[in-house]
Amino acid sequence: MRVFLLSGLFVSGASSFATLRQNVAGHAIHHHVRHPTVSTESTTTRSTSLYMMDQPEIVECDVAIVGGGPAGCTCALYTSRADLKTVILDKNPAVGALAITSHIANYPGVDRSMTGEELLNQMRTQAIQYGTDYRRAQVFMVDIEEKGEGEETVKVVYTPDAIFRARALVLATGAMGRVSPPFPGEEEYLGHGVSYCATCDGAFYRDAEVAVFGMSLEAMEEAQFLTKFASTVHWITPSKPRPEDDHHVEELLSSGNVKKWPLTRLISVEGEVSGVTGVKVRQKSEDEDEVIPVEGAFIYGASGGGSRPITDFIGSKVEYDEGGGVIVNEDMETSIKGVFAIGDIRNTAFKQVVVAAADGCIAAMSIDKYLKGRKSVKVDWIHK
């Protein structure tokens, strides 16, 4: 295995996208380097931390669906029944709009006592039973490989552990993105110590101190993941976590390397040319700000709630409406042929489970038509 030592270079998160794409194209091994704390020690001591990733798995499929909510699971059910090799990439099945709904009273045919999580579990199981490959994975970038004129493009989806090459891509990540403005320093150091994905970047902070801001389930699970690598995980929350009310809180606080900062506001992310050096906070009981020295800042919002379509991994590859929703036609196809968008990511006013499921069905039938060269949709597929 060839090892490249990139002295003094920070390659992580958003800053590594272009490098990763180039390396993957050549089937090279991509290495992430966390810039060390400035030190005057001799070169015989550890001055640079180098973490290597194995060559990622390359998965070829017909349909890649980013998002495992009702829209994505319904689409997968139909495409799998159509004998199309389908992969769902789901960051976290427990944090979507349906998963956090306590009761479902307006979805046809279900008992009104059913929770959103139970309904979603059934949808996911049904898709898997028909052949869907379901994977928990954080997607951090998608790309379109152009072919010759008239040829089908390849849609490439990047995750920390694998790269998926699909004939059709479905965007179904919902609309629970943060609507609050970024904290001072957050955008400046994004990819240079600021991250939104512990599973992507956690290993780069081995034996370092990191901060996690947020009280959502996602924030707690990400903080729990970081305890495997970081020397200290500073968990910063604007309210006071109650272990007696939430086993996730209890589990996180039982970790020996978690330091809680309850009733604390995040003021800004501090840093220098090499990256993040700390986070500035204000505790409710104090009159002055203080800086917690950290090398990584993982920011998930105060409560995890939001209504902005989640499209950061897509960039400017598709067209959006003024509200940030992905624009589609009647077939749920975006401005790029073979790329579809379904559910709340469209920023529709009708944010209902039944509507998301209908979007998934329409997209699946459109994909079947697109991939098989049909002139019209086939209503359903019957398996003997």
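The values are calculated or read from the model by the stated rules, or taken from the named source; none is laboratory data. These numbers were taken from a predicted model, which means no experiment stands behind them. Note that we place each Cβ from the backbone using ideal geometry, even for glycine, and neighbour counts take in every protein chain shown. Note: accessible area is taken over every heavy atom of the protein model, side chains too, but ligands, DNA and RNA are not part of it. Shrake-Rupley method; radii C 1.70, N 1.55, O 1.52, S 1.80 Å.
For Gly150, the conditions (1) part of a strand (DSSP E or B); (2) more than 23 Å from Gly96 (Cβ to Cβ); (3) over 19 Å from the mean Cα position of the chain (by Cα) are fulfilled apart from (1). Taking residues in the range 186-206 that are at pLDDT 85 or above, and partners anywhere that are open to solvent by 10 Å² or more (accessible area, probe 1.4 Å) and among the hydroxyl-bearing types (Ser, Thr, Tyr), the pairs with Cβ atoms closer than 6 Å and at least 6 places apart or on different chains are Ala203/Tyr51; Phe204/Tyr51.
Does Leu266 satisfy the criteria of being in contact with a strand residue (DSSP E or B) (Cβ under 6 Å, 6 or more places away or on another chain), of a type outside the set (Gly, Ala, Ser) and open to solvent by 10 Å² or more (accessible area, probe 1.4 Å)? Spelling it out, Leu266 is indeed in contact with a strand residue (DSSP E or B) (Cβ under 6 Å, 6 or more places away or on another chain), of a type outside the set (Gly, Ala, Ser) and open to solvent by 10 Å² or more (accessible area, probe 1.4 Å). Got a number for residues in the range 59-112 being of a type in the set (S, T, N, Q) and crowded, with 24+ Cβ neighbours inside 10 Å? Number satisfying all stated conditions: 4.
Criterion applied to Thr227, Thr199 was being under 17 Å from the mean Cα position of the chain (by Cα) and of a type in the set (S, T, N, Q), and the one residue passing it is Thr199. Any residue in the range 212-228 that is at pLDDT 95 or above and part of a loop (DSSP other than H, G, I, E, B)? Yes, the range 212-228 contains at least one residue that is at pLDDT 95 or above and part of a loop (DSSP other than H, G, I, E, B).
Residue-by-condition table, conditions (1) open to solvent by 50 Å² or more (accessible area, probe 1.4 Å); (2) over 28 Å from Ala97 (Cβ atoms):
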| position | (1), (2) |
| --- | --- |
| Asp344 | no, no |
| Thr348 | no, no |
| Val354 | yes, no |
| Gly360 | no, no |
| Lys375 | yes, yes |
